[in-house]
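The values are calculated or read from the model by the stated rules, or taken from the named source; none is laboratory data. The shown structure was predicted, so the numbers you read here are calculated from the model rather than taken from an experiment. Positions of Cβ are generated from backbone atoms using ideal geometry, with glycine treated the same way; all protein chains shown enter the neighbour counts.
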Amino acid sequence: MIALATPFDWKRPDYAAVLAQRVERLARIRANPATLPPLKLYYRDHIARLISDWGLSSDPRNIERGLPATVPLILFPKQVEMVNWILERWRLQQPGLIEKSRDVGASVVTMALACSLCLLYPGITVGVGSRKEALVDNAGDPGTLFFKARQFLQGLPPEFRGGWDVNKHSAHMRLTFPQTGSALVGEAGDQIGRGGRSSLFILDESGFVDRAELIEASLSANTNCRIDCSSVNGMNNVFGQKRWSGRVPVFTFGWRDDPRKDDQWYAKKCSELDPVTVASEIDLSYSASLEGQLIPAAWIEAAVGAHLKLRIEPTGTRRAGLDVADQGRDLNAFAGRHGCLLYALEQWSGKSGDIFGSVVKAFDLCDQHGIEYLDYDSDGLGSGVRGDARVANERRAARQGRPIYDTPFRGSASPSDPDGEMVRERKNKDFFSNMKSMSWWHLRTRFQQTYRAIVEGLPYDADNLISLAPDLSHLSALKVELSQVTYKLNTAGKVVIDKIGDGMRSPNLADATMIAFNPGPHAVEIWAMLGRLP
């Protein structure tokens, strides 16, 4: 089918070449009208391609960059992923939540998706809403959702508009589509969800909706597929609580997923905005304004690619951490490191499986990433890993495979090296409530020293730093989870860790990372003491 111009330079885009290609493609279609029906059928299952092949969008800030205000809407990879993720939720008739950094184009893409659905599928209604009517539709305001929708439709060639005419099929907060009989309907404020029934409902910036509790019931009756899309506004709202409840699928769209942005862009935003705004609306931290945040978002961001920034070659043992989940809402997570570098991160559901299957998968990931030593969470469900790991290693030995040296990590245990001092003049046994709090504090110290080395230029020991590989799978989600962890001191003056709050979903990726970097006795030491190393 139609192919995008590749490679595309997102920072210095050549839109003239893209428009010329579109003119040539459209001429071919018009010269051979028989190709149009199958092309539309193709687009029904590839809506992201329709948007990238023919869509337009505008940004008045383009003028100062020497670009036209209206340009082709070419989706970058994360935007394509987001479109397909929303469509999957729609087809499965399930809700979803999108947490996003500011200015990654999520609103314009969701409106292009909504219009495309109405153009391609008969008889559907797509609802869109926001906290104020002026944000949904306000004549001539390019910041509104319906302005973005109308612009997308008007920019399409007539062949793909389905007879839509802005003068005939556009009203305040309502667009109709004559060929399909579908409709795009806007709602706002407390009335969201009371306007009828929707095939799909997209609630924009839902983390900032006033009295969100009032619309929960009405939207649940309105649609089988509600998509909450918002930048972060802390935990004291329905969006934040829903994100960490584990009840809905979550799509994380961080600023590093936008190829138009880089460290220079981030540094500029940090200089322009207050730290809380940067942490919440750019770094996606839900605890940015809370006291006792264990690892500030700025420290986490500094650690992305730290080994490259500091020209460090990772050395040392390759180890992994495994956070074991049940068959419910939590996920299993695997984090692999080489010295200071976290270079492997995976997660998977425990549904339709058992702990033994998760152990085998973790062992396979160790093989894939060249890892010999695996620390696993042995509290609770993880207690069964020990026996399963023994069986898995026996099977590996039977086929002359190398063993994976596994070690239990017990967060509930007493701190290791009790008379030592991770914090100056405070013995570990006096400062940490358990091994979990000690390990989280150790991870905090790594991030802090990395930040000081990169941002403040202080001397460092590479073995005490942490670097997050820039191409790490689930990097955006990991950064969000790490920034959620808070701490406090109990009545005995010891550190207690709160990973998110009672009843909330565990930050499994962050837990696996903490286990991988934990400072306690590891497989290397324990297996050596037992005389079982090769």
TODO: Considering each of SER412, SER416 in turn, give the residue that is in contact (Cβ under 8 Å) with a residue 40 or more places away in the chain and part of a loop (DSSP other than H, G, I, E, B).
DONE: SER416
Task: Qualifying residue in the stretch 484-497 (condition: assigned to a loop (DSSP other than H, G, I, E, B) and on the phi > 0 side of the Ramachandran plot) - done: yes
Open item on the list: Filter the stretch 138-150 down to the residues that are out of contact with any strand residue (DSSP E or B) (no Cβ under 7 Å at 6 or more places or on another chain) and in a loop (DSSP other than H, G, I, E, B) and list them by number.
Closed with: ASN138, ALA139, GLY140, ASP141, GLY143, THR144
Task: Lone qualifier among LEU119, LEU135, LEU153, LEU113 - being crowded, with 19+ Cβ neighbours inside 10 Å, modelled with pLDDT under 95 and either outside any loop (DSSP other than H, G, I, E, B) or basic (Lys, Arg) (or both) - done: LEU135
Open item on the list: Looking only at the stretch 497-534, count every residue that is surrounded by fewer than 18 Cβ atoms within 10 Å (Cβ to Cβ) and modelled with pLDDT of 80 or more and tell me the total.
Closed with: 1
Task: All positions within the stretch 160-212 that are in a strand (DSSP E or B) and within 17 Å of THR144 (Cβ to Cβ) - done: SER170, ALA171, ARG174, LEU175, LEU184, VAL185, GLY186, GLU187, ALA188, ILE202, LEU203, ASP204
Task: Cβ-Cβ under 6 Å pairs, at least 6 apart or on other chains, the stretch 180-193 side over 11 Å from GLY129 (Cβ atoms) and assigned by TED's automatic domain parsing to the domain that holds HIS169, far side buried (at least 19 other Cβ atoms within 10 Å of the Cβ) and among the small types (Gly, Ala, Ser) - done: LEU184/ALA114
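Let's see how each residue does on (1) more than 26 Å from VAL496 (Cβ to Cβ); (2) out of contact with any strand residue (DSSP E or B) (no Cβ under 8 Å at 6 or more places or on another chain); (3) among the polar types (S, T, N, Q); (4) in the same structural domain as ALA453 (by TED's automatic domain parsing):
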site	(1), (2), (3), (4)
ASP262	yes, yes, no, no
LYS268	yes, yes, no, no
SER271	yes, yes, yes, no
ALA279	no, yes, no, no
ALA297	no, yes, no, yes
GLU313	yes, yes, no, yes
ALA320	yes, no, no, yes
VAL324	no, no, no, yes
TODO: Name the residue, out of VAL423, VAL360, VAL391, that is β-branched (Val, Ile, Thr) and within 20 Å of VAL495 (Cα to Cα).
DONE: VAL423
Task: Members of the stretch 431-461 that are under 25 Å from PRO418 (Cα atoms) and hydrophobic (A, V, I, L, M, F, W, C) - done: PHE431, PHE432, MET435, MET438, TRP440, TRP441, LEU443, PHE447
- [ ] Among the numbered conditions (1) out of contact with any Asp or Glu (no Cβ under 9 Å at 6 or more places or on another chain); (2) in a loop (DSSP other than H, G, I, E, B); (3) surrounded by fewer than 17 Cβ atoms within 10 Å (Cβ to Cβ), tell me where GLY387 comes up short.
- [x] (2)
Open item on the list: Please return the ranges of helices (runs of 4 or more DSSP H) entirely within the stretch 1-108 where 2 or more residues are surrounded by fewer than 16 Cβ atoms within 10 Å (Cβ to Cβ).
Closed with: 15-31, 36-45, 77-92
Open item on the list: Considering only residues that are among the basic types (Lys, Arg) and in contact (Cβ under 8 Å) with a residue 40 or more places away in the chain, which ones fall in the stretch 114-167?
Closed with: ARG131, LYS132, LYS148, ARG161
TODO: Could you please find all residues in the stretch 224-254 being hydroxyl-bearing (Ser, Thr, Tyr), assigned to a loop (DSSP other than H, G, I, E, B) and in contact with a strand residue (DSSP E or B) (Cβ under 9 Å, 6 or more places away or on another chain)?
DONE: SER231
TODO: Report whether or not GLU216 is touching a residue at least 12 places away in the same chain (Cβ under 8 Å) and surrounded by fewer than 19 Cβ atoms within 10 Å (Cβ to Cβ).
DONE: yes
Task: Selected residue (criterion: nearest to SER476 (Cα to Cα)) from residues of the stretch 325-355 that are modelled with pLDDT under 90 and hydrophobic (A, V, I, L, M, F, W, C) - done: LEU331
Task: Search result, residues across the stretch 310-324 that are among the acidic types (Asp, Glu) and not in a strand (DSSP E or B) - done: GLU313
Open item on the list: With the structure loaded, tell me whether GLU205 is without any contact (Cβ under 8 Å) to a residue 40 or more places away in the chain, over 20 Å from CYS118 (Cα atoms) and of a type in the set (Asp, Glu) or whether it fails that test.
Closed with: no
Task: Residue among ARG247, ARG243 that is buried (at least 21 other Cβ atoms within 10 Å of the Cβ) and not assigned by TED's automatic domain parsing to the domain that holds ARG446 - done: ARG243
Task: Residue ID - modelled with the highest pLDDT, chosen from residues in the stretch 482-496 that are surrounded by 16 or more Cβ atoms within 10 Å (Cβ to Cβ) and not charged (D, E, K, R) - done: LEU482
